[in-house]
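**Student:** Got a structure for you, questions after.
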Amino acid sequence: AKTKSSCITEVKRENDCLFLYSEAGMLRIMPKGIDIVRITFTCRDSFSLREKPGVTDLSVFSEWNYEVSDEMVVYYTELLRIVFDRHTSAARFYLPSGRLLLAEDPLTPRSLEEFEAFRLAEGGHIEKEKVKTADGEKELIKSAVKVSDGTYFHTRQYYCWQEDEYLYGFGQHEENMFSLRGRTLYLHQANRKITIPLLISSLGYGILFDCYSPMIFSDNEYGSYVYCEAVDEIDYYFLGGIGQENIKPEDIAGIRVGSMDAVIAAYRRLTGKASMLPRWAFGYVQSQERYENAQELTDTVMEFRRRHIGLDCIVQDWLSWPDGEWGQKSFDNNRYAAPEEWLERLHDEHAHFMISIWPNMAEGCADHKEFKEEEKKLSSGSTQKADLLLPGSNVYNALDPKARELYWKQVNDGLFRYGTDAWWCDSSEPYTPEWMHRDKPEPGRMYEEYCAQVGEHLPVWATNAFALYHAQSLYEGQRGTDRNQKRVINLTRSSYTGQQRYGTVLWSGDTAASWKTLKAQIVMGLNFSASGLPYWTNDIGAFFVKCGDNWYWKGDYPETLSDPAYCELYVRWFEWACFLPMLRAHGTDLRREPWNFMCEDGIFFEAIKKSIALRYRLLPHIYSLAGLAWLKDKSVIRMLAFDRPDDITAKACKYQYMFGDSIMICPVTEPMYYLNGPGSEEHASDDTYKTCDRKGNIEIYESVPDNDKNIIRNKYFGTRVYHAKTRPDTLQIYLPQGRWCDYYTGRYYDGGRVIETEAPLDHIPVFVKAGSIIPVTDDAEWAYEGYITDTPERLRFRVYPGVDGEYLLYDDAGDGYGYEQGEYRLLRIRWNDREEKLTYGILHGDLPFELSNDTFGYEIVR
């Protein structure tokens with residue numbers, strides 16, 4: 001067939017939108033703000049009316065204009081200009097100064113290919129098999145009757161990226177991708193992959209694709225484009241990162257014009273505010289696979305209290321339900337009898353309880369029966385069958401409001417009414433075909449299998465979005481039930497557009513222990529945060545520690561806790577996780593309580609305790625970061641490129657990041673004390689060597705000559721080889737322009753260069769910008785101990801002089817939703833460097849004590 005022309009033949013403004021018509025189709029420009037526009041293209045007669053779940057801001061911005069000439073159509077506002085080529089309809093996005101931000105491909109900006117989708121027929125023949133995996137019990141469809149699910153489009157949107165441009169975001173990628181330039185990225189959900197369809201540029205703009213099916217990002221020899229698997233039309237939002245409403249010049253939390261921070265704020269404006277988590281969620285969370293009964297849970301909490309180690313939450317992993325009833329949302333009466341009693345004991349010890357719940361239910365359990373009975377009841381007398389369970393599946397249909405309502409009813413009746421505090425929504429994808437393989441599938445095959453399997457059960461247009469609806473079930477259900485208004489907290493493994501409004505914390509899945517994994521996790525967290533959601537965490541030390549048969553069970557440490565090489569990795573992981581939104585230990589193969597890390601005379605245990613203590617001392621700062629993530633749409637963890645988009649070193653810096661605006665975190669990503677396995681030779685020196693055979697027998701060699709090292713390694717081929725350093729090692733880090741202070745030593749450094757700094761086993765390097773003010777408090781064992789507005793004498797500020805500085809201290813009740821009605825406090829703290837004076841002022845709220853310059857103590861770090 002002849003290709004239809006994309007030449008713009010008609011231009012019309014209607015309902016505050018700009019429409020461009022061509023033979024190929026209709027292009028709609030829907031202004032959403034002074035620097036935000038929605039671009040939609042269809043080759044049908046009208047635009048889709050489908051209600052999508054991600055974007056909640058349905059307003060249209062009217063303060064714009066346009067101009068038309070023979071060569072172009074120009075849309076413009078005070079801060080943004082978009083030029084459309086009349087011959088090809090390709091768009092170019094500019095700042096008012098004429099600086100180019102983004103360009104669609106000038107010759108072929110977009111393409112669409114229509115296809116018919118199919119899914120399982122209700123009531124048709126389905127042959128299934130059950131498979132037990134490390135990711136839970138799964139059902140596979142062996143054969144089934146399928147019916148048409150309608151017609152959709154495969155689409156491509158082509159772009160021309162700029163030479164010096166770095167691209168980030170699109171969620172969490174296991175492959176250790178930092179900048180996405182030159183990459184191919186398959187954007188679907190998986191155990192270790194989280195897709196968020198927001199791309200953010202170092203040039204200070206973002207693109208949010210309003211697509212809920214899998215996608216592919218390509219920037220290679222085959223072209224630069226974003227492919228959508230199944231959509232009604234091309235639909236994306238350009239986020240200029242330029243203008244920010246309601247920001248006063250004196251407001252120090254205002255977001256810099258033309259910044260990546262402003263892109264995140266624009267994303268949240270479109271998709272919803274990040275909800276506040278309870279204060280306790282920022283303390284230490286203890287988990288493992290798994291606690292066996294209620295007594296073990298309470299004993300563990302009591303041991304933390306006996307040892308005076310900080311703890312705010314204990315987590316119950318899977319199999320809390322009766323035997324053989326996978327996914328049943330009630331306690332096993334033998335192991336967790338009288339839940340209201342042991343939960344009260346936990347609460348009396350200032351500990352909170354999180355429990356793992358699943359979207360699937362074993363056939364025959366009470367919850368599954370109730371879903372089937374409710375389906376039959378709703379279908380009776382109706383011409384359309386109710387789909388409360390996904391077709392051919394024991395997974396509830398989270399896309400259906402009635403199914404969400406019933407799911408929460410079961411959660412409330414079986415768990416929440418007893419005092420459960422938080423949810424761990426495991427397997428929230430909920431299909432992970434990649435875990436059915438012994439060897440890891442190629443990325444393209446993994447993508448195809450995901451599309452095929454999930455498309456059998458979910459509408460093809462929504463195959464990436466189950467977790468978003470699942471989170472909605474918990475959030476709306478709990479808020480509609482709880483009179484005491486506990487804040488919803490949902491630790492979950494999958495996410496999508498707008499999920500930050502549902503009280504979710506994302507974790508990176510079931511990882512395998514290695515230094516390579518640790519490095520990749522840092523990058524994954526930074527790209528996830530750059531995708532607009534503020535709360536992310538992972539399993540400290542990785543989920544799998546040993547090495548199994550399947551590709552995902554590939555830890556490097558079969559001796560686990562008796563291996564000091566693993567303990568070193570665990571400690572470094574823990575020290576990094578201390579500076580994540582949630583600090584949480586979890587995994588299999590070994591117990592994860594801190595006192596289990598006692599080898600090597602307890603040095604690892606002491607380092608872990610020190611990290612937990614630091615976390616609680618920094619809690620006023622961490623809670624303020626969370627408060628500003630809600631109030632001002634800020635990010636808790638931020639790649640260096642957010643502040644230094646013109647610094648080529650900062651833009652490429654994968655393993656350093658900012659914790660808020662002031663503190664730079666420099667994780668240790670290589671072993672320094674105990675080296676193990678193949679490749680350890682490259683780190684070795686002529687210090688002490690220790691070898692450990694498979695039975696745990698140790699031999700020590702002092703100052704081994706080079707020519708004897710291979711003899712030792714050959715003798716112990718295939719065993720652990722440890723290299724015990726005699727001094728703390730050093731780490732090279734990059735300091736951006738400015739002046740920086742070592743948090744631990746108080747030594748100052750000039751930036752704009754690489755320095756070498758010590759990284760002893762008990763902490764990783766942490767640097768603070770000159771002019772920063774950091775609130776700290778006294779040692780505590782739980783988050784609400786010595787609450788700062790009740791005991792202000794516990795709070796003090798560390799001031800890093802050199803330039804003037806300001807800080808916003810956020811505080812509220814620590815739980816409940818009063819903050820949404822203005823029940824919070826915002827204090828501005830200012831440092832005058834010339835006068836060496838700290839002053840305080842109230843921007844919002846009332847204090848239960850009188851505020852003066854002497855209310856809080858402070859120390860100047862020189």
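**Student:** When you go through (1) touching a Lys or Arg at 6+ places or on another chain (Cβ under 7 Å); (2) open to solvent by less than 20 Å² (accessible area, probe 1.4 Å) one by one for Gly845, which number turns out not to apply?
**Tutor:** (2)
**Student:** For Leu569, are the conditions met, namely being touching a residue at least 60 places away in the same chain (Cβ under 8 Å) and out of contact with any Leu (no Cβ under 9 Å at 6 or more places or on another chain)? Steps first, answer last, please.
**Tutor:** Details: touching a residue at least 60 places away in the same chain (Cβ under 8 Å): yes; out of contact with any Leu (no Cβ under 9 Å at 6 or more places or on another chain): no.
No: the conditions fail for Leu569.
**Student:** Quick check, is Ser111 open to solvent by 20 Å² or more (accessible area, probe 1.4 Å) and in a strand (DSSP E or B)? So that I can check it myself, show each step before the final result.
**Tutor:** Values: open to solvent by 20 Å² or more (accessible area, probe 1.4 Å): yes; in a strand (DSSP E or B): yes.
Considered against the rule, which asks whether it is open to solvent by 20 Å² or more (accessible area, probe 1.4 Å) and in a strand (DSSP E or B), Ser111 comes out as yes.
**Student:** Does the range 416-434 hold any residues that are surrounded by fewer than 20 Cβ atoms within 10 Å (Cβ to Cβ) and touching a residue at least 24 places away in the same chain (Cβ under 8 Å), and which are they? Even if it seems obvious, please write down each step before you answer.
**Tutor:** Initial filter on the range 416-434 (surrounded by fewer than 20 Cβ atoms within 10 Å (Cβ to Cβ)): 417-419.
Across the range 416-434, the qualifying residues are Tyr418, Gly419.
**Student:** Of the numbered conditions (1) in contact (Cβ under 8 Å) with a residue 40 or more places away in the chain; (2) open to solvent by 10 Å² or more (accessible area, probe 1.4 Å); (3) of a type outside the set (Gly, Ala, Ser), Val523 satisfies every one except a single condition; which is it?
**Tutor:** Status for Val523: all satisfied but (2).
**Student:** Now for a different question. Note down all Cβ pairs under 7 Å where the first residue falls in the range 370-392 and is within 20 Å of Arg119 (Cβ to Cβ), the second is hydroxyl-bearing (Ser, Thr, Tyr) and open to solvent by 20 Å² or more (accessible area, probe 1.4 Å), and they're at least six residues apart or on different chains.
**Tutor:** Correct list of pairs: Lys385/Ser379; Ala386/Ser379.
**Student:** How do the pairs read when you match residues in the range 121-141 that are at positive phi and open to solvent by less than 80 Å² (accessible area, probe 1.4 Å) with residues anywhere that are at pLDDT 70 or above and part of a loop (DSSP other than H, G, I, E, B), using Cβ under 6 Å and keeping only pairs 6 or more apart or on different chains?
**Tutor:** Listed by first residue and then by second, the contacts come to Gly136/Ser427.
**Student:** Next question. With the requirement that a residue be basic (Lys, Arg), open to solvent by 50 Å² or more (accessible area, probe 1.4 Å) and not in a helix (DSSP H, G or I), what does the range 321-349 give you? Steps first, please.
**Tutor:** Keep residues of the range 321-349 that are basic (Lys, Arg), which gives 329, 335, 345.
If we keep only those that are open to solvent by 50 Å² or more (accessible area, probe 1.4 Å) as well, we get 335, 345.
Hit for the range 321-349 is Arg335, nothing else.
**Student:** Still on this structure, please answer the following. Go through the range 741-759 and give me each residue that's part of a strand (DSSP E or B) and not charged (D, E, K, R). Outline the logic, then answer.
**Tutor:** Going residue by residue through the range 741-759, those that are part of a strand (DSSP E or B) are 741-742, 748-750, 753-758.
Scanning the range 741-759 gives Cys741, Tyr748, Tyr749, Val754, Ile755, Thr757.
**Student:** If I ask for residues that are over 28 Å from the mean Cα position of the chain (by Cα), in contact (Cβ under 8 Å) with a residue 40 or more places away in the chain and open to solvent by 10 Å² or more (accessible area, probe 1.4 Å), which ones from the range 26-51 would you list?
**Tutor:** Hits for the range 26-51 are Ile34, Phe41, Cys43, Arg44, Phe47, Ser48.
**Student:** Which of the residues that make up the range 447-466 are open to solvent by less than 20 Å² (accessible area, probe 1.4 Å), touching a helix residue (DSSP H, G or I) at 6+ places or on another chain (Cβ under 7 Å) and either part of a helix (DSSP H, G or I) or more than 26 Å from Ser356 (Cα to Cα) (or both)? Even if it seems obvious, please write down each step before you answer.
**Tutor:** Let us first name the residues in the range 447-466 that are open to solvent by less than 20 Å² (accessible area, probe 1.4 Å), namely 447, 450, 454-455, 457-458, 462-466.
Still in the list and also touching a helix residue (DSSP H, G or I) at 6+ places or on another chain (Cβ under 7 Å): 450, 458, 463.
Result: Tyr450, single match.
**Student:** What is the one condition in (1) at pLDDT below 95; (2) among the hydroxyl-bearing types (Ser, Thr, Tyr); (3) open to solvent by less than 10 Å² (accessible area, probe 1.4 Å) that Tyr222 does not satisfy?
**Tutor:** That leaves (3) as the condition not met.
**Student:** Which one of these is in contact with a Ser or Thr (Cβ under 7 Å, 6 or more places away or on another chain), of a type in the set (Phe, Trp, Tyr) and either assigned to a loop (DSSP other than H, G, I, E, B) or closer than 28 Å to Asp846 by Cα (or both): Tyr810, Tyr784?
**Tutor:** Numbers: Tyr784 fails: in contact with a Ser or Thr (Cβ under 7 Å, 6 or more places away or on another chain).
Exactly one of Tyr810, Tyr784 is in contact with a Ser or Thr (Cβ under 7 Å, 6 or more places away or on another chain), of a type in the set (Phe, Trp, Tyr) and either assigned to a loop (DSSP other than H, G, I, E, B) or closer than 28 Å to Asp846 by Cα (or both), namely Tyr810.
**Student:** If you don't mind, there's one more thing I want to ask. Residues of the range 553-571 being in a loop (DSSP other than H, G, I, E, B) and either open to solvent by 10 Å² or more (accessible area, probe 1.4 Å) or of a type in the set (A, V, I, L, M) (or both), which ones?
**Tutor:** Going through the range 553-571, the residues in a loop (DSSP other than H, G, I, E, B) turn out to be 553, 555-559, 563.
Matches in the range 553-571: Trp553, Asp556, Pro558, Glu559.
**Student:** Out of curiosity, is Gly241 open to solvent by less than 10 Å² (accessible area, probe 1.4 Å), in a loop (DSSP other than H, G, I, E, B), touching a strand residue (DSSP E or B) at 6+ places or on another chain (Cβ under 9 Å) and modelled with pLDDT of 95 or more? Spell out how you get there, then give the answer.
**Tutor:** Numbers: open to solvent by less than 10 Å² (accessible area, probe 1.4 Å): yes; in a loop (DSSP other than H, G, I, E, B): yes; touching a strand residue (DSSP E or B) at 6+ places or on another chain (Cβ under 9 Å): yes; modelled with pLDDT of 95 or more: no.
So Gly241 does not fit the description; no.
**Student:** Continuing with the same structure: Anything in the range 815-842 that is assigned to a loop (DSSP other than H, G, I, E, B) and either over 31 Å from the mean Cα position of the chain (by Cα) or loosely packed, with under 11 Cβ neighbours inside 10 Å (or both)? List them, or say none. Even if it seems obvious, please write down each step before you answer.
**Tutor:** Taking the range 815-842 and keeping what is assigned to a loop (DSSP other than H, G, I, E, B), we get 815-817, 822-823, 833-836.
Scanning the range 815-842 gives Gly822, Asp833, Arg834, Glu835, Glu836.
**Student:** Continuing with the same structure: Just to be sure before I move on: is Ile622 in contact (Cβ under 8 Å) with a residue 60 or more places away in the chain, assigned to a helix (DSSP H, G or I), out of contact with any strand residue (DSSP E or B) (no Cβ under 8 Å at 6 or more places or on another chain) and open to solvent by less than 20 Å² (accessible area, probe 1.4 Å) in the structure I sent?
**Tutor:** Numbers: in contact (Cβ under 8 Å) with a residue 60 or more places away in the chain: yes; assigned to a helix (DSSP H, G or I): yes; out of contact with any strand residue (DSSP E or B) (no Cβ under 8 Å at 6 or more places or on another chain): yes; open to solvent by less than 20 Å² (accessible area, probe 1.4 Å): yes.
For Ile622, the condition - in contact (Cβ under 8 Å) with a residue 60 or more places away in the chain, assigned to a helix (DSSP H, G or I), out of contact with any strand residue (DSSP E or B) (no Cβ under 8 Å at 6 or more places or on another chain) and open to solvent by less than 20 Å² (accessible area, probe 1.4 Å) - is met.
**Student:** Look at the range 373-402 and say how many of its residues are assigned to a helix (DSSP H, G or I) and either surrounded by 15 or more Cβ atoms within 10 Å (Cβ to Cβ) or over 35 Å from the mean Cα position of the chain (by Cα) (or both). Break it down stepwise before answering.
**Tutor:** Step one: filter the range 373-402 for residues assigned to a helix (DSSP H, G or I), giving 373-379, 401-402.
From what is left, the residues that are either surrounded by 15 or more Cβ atoms within 10 Å (Cβ to Cβ) or over 35 Å from the mean Cα position of the chain (by Cα) (or both) are 373-379.
Number satisfying all stated conditions: 7.
**Student:** Scan the range 527-548 and tell me whether some residue there is farther than 23 Å from Arg592 by Cα, open to solvent by less than 10 Å² (accessible area, probe 1.4 Å) and aliphatic (A, V, I, L, M).
**Tutor:** yes
**Student:** I've got another one for you. Just wondering, is there one or more residues in the range 595-602 that are free of Cβ contacts under 8 Å to residues at least 60 places away in the same chain, assigned to a helix (DSSP H, G or I) and under 26 Å from Arg794 (Cα atoms)?
**Tutor:** no
**Student:** Just one of (1) over 27 Å from the mean Cα position of the chain (by Cα); (2) crowded, with 19+ Cβ neighbours inside 10 Å trips up Glu793, so point out which.
**Tutor:** All conditions are met except number (2).
Here is a yes/no grid of residues against (1) open to solvent by less than 10 Å² (accessible area, probe 1.4 Å); (2) at pLDDT 95 or above; (3) aliphatic (A, V, I, L, M):
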{"position": "Thr155", "(1), (2), (3)": "yes, yes, no"}
{"position": "Cys160", "(1), (2), (3)": "no, yes, no"}
{"position": "Thr184", "(1), (2), (3)": "no, yes, no"}
{"position": "Leu208", "(1), (2), (3)": "yes, yes, yes"}
{"position": "Ser213", "(1), (2), (3)": "yes, yes, no"}
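**Student:** Would you please name the residue that is nearest to Tyr557 (Cα to Cα), looking only at residues in the range 521-546 that are assigned to a helix (DSSP H, G or I) and touching a Ser or Thr at 6+ places or on another chain (Cβ under 9 Å)?
**Tutor:** Kept after step one, since they are assigned to a helix (DSSP H, G or I), are these residues of the range 521-546: 521-529.
Now restrict to residues that are touching a Ser or Thr at 6+ places or on another chain (Cβ under 9 Å): 521-522, 524-525, 528-529.
Values: Gln521: 18, Ile522: 21, Met524: 23, Gly525: 24, Phe528: 28, Ser529: 30 Å.
Taking the candidates together, the pick is Gln521.
**Student:** Condition test on Pro775, is it surrounded by 17 or more Cβ atoms within 10 Å (Cβ to Cβ) and either in a strand (DSSP E or B) or within 27 Å of the chain's Cα centre (by Cα) (or both)?
**Tutor:** Details: surrounded by 17 or more Cβ atoms within 10 Å (Cβ to Cβ): yes; either in a strand (DSSP E or B) or within 27 Å of the chain's Cα centre (by Cα) (or both): yes.
For Pro775, the condition - surrounded by 17 or more Cβ atoms within 10 Å (Cβ to Cβ) and either in a strand (DSSP E or B) or within 27 Å of the chain's Cα centre (by Cα) (or both) - is met.
**Student:** Working only within the range 435-445, note down all residues that are without any contact (Cβ under 8 Å) to a residue 40 or more places away in the chain and in a helix (DSSP H, G or I).
**Tutor:** Step one: of the range 435-445, the residues without any contact (Cβ under 8 Å) to a residue 40 or more places away in the chain are 441-442, 445.
Arg445 - this is the single residue of the range 435-445 that is without any contact (Cβ under 8 Å) to a residue 40 or more places away in the chain and in a helix (DSSP H, G or I).
**Student:** Of the residues that make up the range 437-445, is at least one under 25 Å from Trp507 (Cα atoms) and open to solvent by less than 30 Å² (accessible area, probe 1.4 Å)? First the steps, then the outcome.
**Tutor:** Of the range 437-445, the ones under 25 Å from Trp507 (Cα atoms) are 437-445.
Imposing the further condition that a residue be open to solvent by less than 30 Å² (accessible area, probe 1.4 Å) reduces the set to 441, 444.
Yes: one or more hits.
**Student:** Okay, moving on. Scan the range 162-180 and tell me whether some residue there is at negative phi, hydroxyl-bearing (Ser, Thr, Tyr) and buried (at least 24 other Cβ atoms within 10 Å of the Cβ).
**Tutor:** Quick first cut of the range 162-180, residues at negative phi only: 162-168, 172-175, 177-180.
Narrowing the set further to residues that are hydroxyl-bearing (Ser, Thr, Tyr) leaves 166, 168, 179.
Now narrow it down to the ones that are buried (at least 24 other Cβ atoms within 10 Å of the Cβ): 168.
Yes, the range 162-180 has at least one match.
The values are calculated or read from the model by the stated rules, or taken from the named source; none is laboratory data. These numbers come from a predicted model, not from an experiment. Because the Cβ atoms are built from the backbone with ideal geometry, glycine has one as well, and the counts that use them run over all protein chains shown. Just the protein is used for accessible areas: all its heavy atoms, side chains included, with ligands, DNA and RNA removed. Shrake-Rupley method; radii C 1.70, N 1.55, O 1.52, S 1.80 Å.
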